[in-house]
Amino acid sequence: MSSKPESVLILGSGPIVIGQAAEFDYAGTQACKAMREEEIRSILVNSNPATIMTDEDVADVVYIEPLTVEVVARIIERERPEGLLPTLGGQTGLNLAVALAEEGVLDHYGVKLLGTPLEAIRRAEDRQLFSDMLRTIGEPETESKAVNTLEDALAAAQAIGLPVVIRPAYTLGGTGGGIAHTREQLESIVRAGLAASPITQVLVERSLLGWKEVEYEVMRDGADNCITVCNMENLDPMGVHTGDSIVVAPSQTLSDKDYQMLRSSALKIIRELGIEGGCNIQFALAPHTAVIDWRRNGTESPPYSVIEVNPRVSRSSALASKATGYPIARVAAKIAAGKRLDEIPNSVTGQTTAAFEPALDYVVVKIPRWPFDKFAFGERTLGTQMKATGEVMAIDRTFEAALQKAVRSLELGGKSLLWETSPPDRMFDLPQGERPNGVGATDQRLWWLMAELRRDTPIESLVEKTSIDPWFLLRLRNIVRMEQRLLGEPLTRDLLRDAKRMGFSDDQIATLADLLPEQVREQRLMWGLKPVYKMVDTCAAEFEAVTPYFYSTYEVENEAEPQPGRQALVVGSGPIRIGQGIEFDYASVHAAWALRKAGYRALMANSNPETVSTDFDTSDRLYFEPLDEEAVRDILENEANGDGPPASILQFGGQTAINLAEPLHTASLPIIGSGAEAIDLTEDRGRFEDLMQQLGVPQPPGAAIRDVEEALKTAQVIGYPVLVRPSYVLGGHAMEIVQNATDLVRYMGRVAEAGLSGRPVLIDKYLEGREVEVDAICDGRDVFIPGIMEHIERAGVHSGDSMAVYPPVHLSAEEREEVIEYTQRIGRALQAQGLINIQYVIMPENGGSSVYVLEVNPRASRTVPFLSKVTGVPMVQTAVNVMLGQTLREQGYSSGLWPETGLVAVKAPVFSMAKLVGVDTHLGPEMKSTGEVMGVDRTFEAALAKALIAADLMLPREGTILLSIADNNKAEALSIVRMLGQAGYRLYATEGTAEMVRAQGLPVEEVYKIQSGKHPNLVDAVEAGLVDGVINTPEGYLVATMKDGFHIRRAATQARIPCFTSLDTARVAIETRLLGVDTYSVAPLPEYRGAAAGSAA
Amino acid sequence: MADVAHLVLADGSVFSGRAFGARGRAHGEVVFTTSMTGYQEALTDPSFAGQILVMTYPLIGNYGVNDVDCESRQVQVRAFVVREDCEEPSHWLAEGTVGEYLAANEIVGLSEIDTRALTRKLRSAGVMMGMVTSVDSPEEALDLLTAAPPYETQNHVARVSIDEPETTGAGTSTTPIVLLDLGVKYNIVRLLKQRGARVEVVPYDTAAEEILQRHPAGLVVSPGPGDPALLDEQCEALRGLVGRVPILGICLGHQIIGRIFGGSNYKLKFGHRGANHPVRDLATGRIYITAQNHGYALDGDKLNGGIEVRQVHLNDGTIEGLAHPEMDILTIQYHSEASPGPRDNEYIFDEFMKMVTAGDEQRAEMARKSA
Ligand SMILES: Nc1ncnc2c1ncn2[C@@H]1O[C@H](COP(=O)(O)OP(=O)(O)O)[C@@H](O)[C@H]1O
Ligand SMILES: Nc1ncnc2c1ncn2[C@@H]1O[C@H](COP(=O)(O)OP(=O)(O)O)[C@@H](O)[C@H]1O
Ligand SMILES: [Mg+2]
Ligand SMILES: [Mg+2]
């Protein structure tokens, strides 16, 4: 067995993208903690600043640098770690480790791969080697062939027969895969799949659509001890990626024989592979014979097929950890450090060890959170390629209750299970063969099933249409039956109790029983019906446990008795979605830590299983609950001690938590930090305008309007283009730049369609200036500004999608002063307590410039982790201390800007567009990115280069750039074109753009627009692999006029080449290329900051 | 609630919920198992005879009941307690619901109670007698319970063991494996047969000579219910067999063999029942996940006669396995036959069969020599 290394390099997973989200921050953070417990020096690299793992007190040495072989090699050279932990940083970390090994870097520096050996990784990830392995040990697989070319794929598909499933090697989240029913689909999926696979390999496999999909989480140590942590059953059968499936733990429809058959197979395979650490294995199991009758003369055990092994911790292992209380990543890290399972204590019970299998005495339901509320035009069909950005988990003692709580946790704007699609989902009218994936799944399938059950559609017919096991459908029908009782019967105590035990919210009950939610609550409490909280303890109560990890249920015994002392509840941010990402979890975690540091009991409420905030040792008590009014009030009432209910902290959980300010306030529950009043002052258009006027802070002219007439009138006055959006939304949702009256009318129509009419719509003059963003901490008297950030893209690109630079290197001294001055005025006037975030536009005006305020958010923003890291100011902690009554001055801060050091940092957004078919990738005021990276260095240029590298936006040294530039941008694009020429790029362009290029005396090859119907058109050029980068600015913001641009942008995304839709981004990318990018430094983060500024007061 | 049932514990506490299965009353020792699957195997496991079984996993009956999941002739538990019994199961093998099954076997069931609260009580106070009833008030039930004979004093083995010997499996060996049935589960027989054995199941009170007359190639002493101290006769009978034939003792069988070698037994506070019990092999350090179902354990302080502790429970250090290499004895406290539970320990049967075959060869050798 390996001996304990002295130091270990841990690779993070980079930016959050679909398929690779916050779960790897959780894993990495656990790994760092485990290393510390083992007294091993940890060196962490990640490009994602919005992570807990990159906190300087989590790992011993933190590098926020691009995750490339070159950069990591430099880190290894400098740090000389003894070992490398490859299996905790998702697919990114794993693939990077493989590359480091293959390029000889590890050997050269004598770095050992810890945990699962390279050979095991290869045999699991390489689809061919994996299938060979299965054959050797006699484990069943489906007919398949691993291929490296389109020709071979076509031949393989021919042999197997359509439909076939395409699965790329060394990817996750089903990236680049799909189900091909036709030859055309086959070609396009294989092409994308080969492009997505780092070894250009895809598996072409016989379809097992409709089989049960079951996963096991397995741990194995170096002494060959091997256990399963838990199994999980997908409600959505094979054909829908596990990440896009509703998943239950443990399995519900497997008999012990089924369960043990797969468990034994899992152990056998993991032993054969030689995994050392955690891994995930996926099976297809023959379904109920009502789905597919596979029986041959009365076999007793159903056939199964091994789908894949992920030789690393995964999204599923994060889910399994939260579902069972067994900390998979932590244990995996310790195994890598040479520990055996029985040498690792079970921190939950304190008495037992990691060598056991958790027993659950509850049901866990996970539901993915999809981004289709934001991408109305996105293709909603679910298949083998994942589309969800995040997920929620709920725990209860029945499936019905866990499911309903999970639905509440999705935060779909009041869309409970009662909601029905209208018109009913067309997907299900298609005959079986033509259903996009044979099982007719979309993100709305659950609601569709409910609707069908309400109409008495027989279970058999739903089974036939969806292949979902009857058990799940019968449970849904139970819910429907209860709905009918609530509709038809008088609400008695027994009925209410039964409904609560099935997970009905007060809100749903109110709707069905024709009451107000508050009436239901009052009645419920009068009848003594309140939830009790039970513990997640890994052992089904067999041992006394010390985990403070709870879920609610309507039973008898409450295990979460209130505790004496000062305490506060941090309301988390729920599922990861576009606009509300991991940054808010970062802030929530820090809020809990700050409370504990200040001697408060920190209570945490959240519904997201991927995160650090739902790690049971982040807070003193964790409530795994939906983040709605009912659940949070119940928690607060449950925790009420002699001093009354705990105060709530709402400013770190994004819009989720902010939305609770008003209801909690109304319920007379205490809130600390900026409360309902400050929020209203900033969100209420009229009040905000008055305030800004009073303060003498200019605003873009505009108004809050409620109907089309008002909108048109206002636009007339302020002049087009205007920027429109509904109020009370985050992430620029439904925000658009509108150029004329026609488009404005259309926009208002869509707002009404989305059911948002009645709520005010904000309409502003669109100011195409430079955008600046500030985060500040206020205590009512002082306004302390840790830093100012300047955007690379001009205003009009959502701040979450813009590249941002700290410090604002292009701002004049006057502009800075003005920003600081306005920020202080606003902070003071709002009487804000804690963090505020303000966005400004700077417009050139009569020789000088003017600063306009765009918006003020009295809460932690997306940029808090970024700024905390680059300035070294513990922003969340400082804000929490303010809320607890300590002034800024008492904490050693004062009004004004925190001194800047020599460091420059650039934050760049990262998108997941390859996964979201039908979504336009161009930048605009509506946020689309899923994650971010940071480049940090001593000069702007070097920082920028690193941000571009980390975001995969760096242009190749040479090659071909395709240009297609909107008329109104052409003049501005001239200088960019010249630079491209100067840099020696070959240029392709569409007609008008080509003309402009030629006019510059530069050679250019013309390609046709799609509309022309002629070939080669611009998409052909991209698909043929002739292009290395695309610059394309959109013509307008309406769908119809965007077709060409839309296709070129999608093609670039699919081909995985950089595509710039903003001239500002394109310009800096090319400038960086011209300057040469090889001069950046590689250093631990505090080194850039310089010793002096690093330590906070 | 229309169809109410109660669980009344000896300490007077009451858990009221919904009646399912048969209506009526039953008393027994209240125990819990943490197995998440395998309820039908558990219901029919003779080791649960005399006991009221509580499932800690809340959803029971999801995949219904069927023919293949039975581990003995009948339902063995006295009563069955769950959080939720599934009335609409789903599995291609399912032939009915747990409720129907219990009713057909005249076993009372109780559902819709806070089984976690009950488990926590049993964990801290220890297992105790209880009564499940749908026909009495809690007060009446408590009176009846006080009068009921305690679990420990009952000879449950006599009730669950086979009446007449039975032989199954053709087997390749001429000499059979004799299985002393103290409450055997079908899967033990199945696994022996799978390994080529011809298995002769004999009643628990079969005398040593009778066993020897069968010319056993090996002897398996099965699991079973109750206090091993009540089985002194079986102990004596087995004493005459040790060293003469390879022996595998499982669970109760293990405890009895331990007694032959100077061990004694004690009752655990709440037993080991579940599918997730880690066992350490002392020689190799290797950990095995085992299925367990026992309320008594072996005290090994006075073990003698060359028998060694081979395996211990990782959590509480209780003895999990003994070995006597010279005498070809192997015992395990856990259930290598699983069903329900992990199949990781079927190797025990392989080891046993190896001892048996080695013995066979020796005997054949001897026979050849003497001829
Ligand atoms: N042969 C198959 N037939 C039908 N669906 C399949 C088949 N193989 C895989 N799938 C589906 O595709 C999904 C993704 O495949 P997988 O290999 O697990 O991708 P990834 O490694 O990216 O997670 C699975 O979760 C499963 O639902
Ligand atoms: N009046 C305006 N002129 C120009 N750009 C604007 C204007 N108002 C908003 N924007 C742009 O829209 C983006 C999103 O607006 P913001 O108010 O920050 O939305 P959200 O609150 O949803 O984050 C801003 O980052 C900015 O780029
Ligand atoms: Mg995979
Ligand atoms: Mg997968």
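Readers should treat all values here as calculations from the given coordinates under stated rules, not as data from a laboratory. This one's a predicted model, so the numbers in the text were calculated from it and none came from an experiment. Positions of Cβ are backbone-derived with ideal geometry, glycine not excepted, and every protein chain shown enters the neighbour counts.
GNM remark for chain B: springs join alpha carbons under 10 Å apart, and the peak mean-square fluctuation among B:Glu112, B:Glu166, B:Glu320 falls on B:Glu166.
In this simple spin-label approximation, A:Glu709 and A:Ala1024 carry label points 7 Å from Cα along the Cα→Cβ vector, and these lie 5.8 nm apart. The slack in the chain from A:His108 to A:Leu1074, taken as 0.36 nm per residue of separation less the alpha-carbon distance, amounts to 344.5 nm. The slack between A:Glu845 and A:Arg135, meaning 0.36 nm per residue of separation minus the straight C-alpha distance, is 248.3 nm.
For the set A:Lys268/A:Lys339; A:Lys366/A:Lys534; A:Lys339/B:Lys269; A:Lys366/A:Lys946, the pairs lying more than 26 angstrom apart at their alpha carbons are A:Lys339/B:Lys269; A:Lys366/A:Lys946.
Just B:Leu179, B:Leu330, B:Leu314 to compare: in a GNM of chain B, with alpha carbon springs under 10 Å, which one fluctuates most? Judging by the Gaussian network model, the answer is B:Leu314. Projected label points at B:Leu268 and B:Arg190, each 7 Å from Cα along the beta carbon direction, are separated by 2.4 nanometres.
Distance from the Cα centroid of the range B:202-252 to that of the range A:515-573 is 52 Å (rounded to whole angstrom). The modelled label-to-label distance for the pair B:Asn105/A:Glu6, using points 7 Å beyond Cα in the direction of Cβ, is 6.3 nm. Looking only at the range A:468-507, which residues have a backbone nitrogen under 16 Å from a spot 7 Å from the Cα of A:Leu525 in the C-beta direction? Once the point is set 7 Å along Cα→Cβ of A:Leu525, A:506-507 turn out to lie under 16 Å by backbone N, inside the range A:468-507.
Other residues lying with their Cβ under 11 Å from the Cβ of A:Pro575 contribute a combined charge of -1, Lys and Arg counting +1, Asp and Glu -1. Overall, chain A carries a charge dipole of about 740 debye about its Cα centre when +1 sits on the Cβ of Lys and Arg and -1 on the Cβ of Asp and Glu, all other atoms neutral.
Have a look at A:Asn659, A:Ala594, A:Asn641 and report the one farthest towards the positive end of the charge dipole of the range A:573-682, computed about the Cα centre with Cβ charges (Lys/Arg +1, Asp/Glu -1). Sorting the options by dipole projection puts first A:Ala594. Measuring r between the beta carbons of B:Ala207 and A:Arg497 and using R0 = 56 Å, the FRET efficiency lands at 0.40. Mind checking which of A:Gly14, A:Tyr63, A:Pro49 is farthest towards the positive end of the range A:1-79's charge dipole, using Cβ charges of +1 (Lys, Arg) and -1 (Asp, Glu) about the Cα centre? After comparing all options, I get A:Gly14. With a 10 Å cut-off around each Cβ of A:392-402, the average count of Cβ atoms from other chains is 2.
Paramagnetic label reach from A:Thr289 (point 7 Å along Cα→Cβ; backbone nitrogen cut-off under 12 Å): within the range B:73-107, residues B:91-95.
Residue by residue along A:352-364, Cβ atoms of other protein chains within 10 Å of the local Cβ number 6 on average. The Cβ shell under 12 Å around B:Thr331 holds other residues with a net charge of -2, Lys and Arg each +1, Asp and Glu each -1. Among the trypsin sites (Lys or Arg not before Pro) within the range A:337-378, not one is in coil by DSSP while having at most 14 neighbouring Cβ atoms inside 10 Å.
Available extension along the chain between A:Arg566 and A:Ala983 is 143.8 nm, counting 0.36 nm per residue and deducting the alpha carbon span. Using the Cα centre of the range A:479-552 as origin and beta-carbon charges of +1 (Lys, Arg) and -1 (Asp, Glu), tell me which of A:Thr538, A:Ile479, A:Pro548 is placed farthest towards the positive end of the dipole. Sorting the options by dipole projection puts first A:Ile479. Springs between alpha-carbon pairs under 10 angstrom, Gaussian network model over chain B: which of B:Ser124, B:Ser72, B:Ser264 fluctuates most? Ranking B:Ser124, B:Ser72, B:Ser264 by mean-square fluctuation puts B:Ser124 first.
Spatially, the range A:842-919 and the range A:601-653 are offset by 26 Å when compared through their Cα centroids. Net charge in the neighbourhood of A:Ser850 (other residues with Cβ under 12 Å of its Cβ; Lys, Arg +1, Asp, Glu -1) is -3.
Rounded to the nearest 0.05, what FRET efficiency do B:Glu361 and A:Glu272 give with R0 = 45 Å and r taken as the Cβ-Cβ distance? Could you check? It comes out at approximately 0.90.
Set the Förster distance to 22 Å, then compute FRET efficiency between A:Gln831 and A:Arg596 from the Cβ-Cβ distance, nearest 0.05. Once the sixth-power term is evaluated, E becomes 0.20. Checking every one of the trypsin sites (Lys or Arg not before Pro) in the range A:773-836 against DSSP loop status and a limit of 14 other Cβ atoms within 10 Å picks out A:Arg781. Residues of the range A:270-292 falling in the label zone of A:Glu464, defined by backbone nitrogen less than 17 Å from a point 7 Å along Cα to beta-carbon, are A:288-292. Each DSSP beta bridge with both residues in the range A:589-736 is either parallel or antiparallel, and the antiparallel ones are about 25%. Only beta bridges with both residues in the protein assembly as shown are counted; by DSSP, about 65 percent of them are antiparallel.
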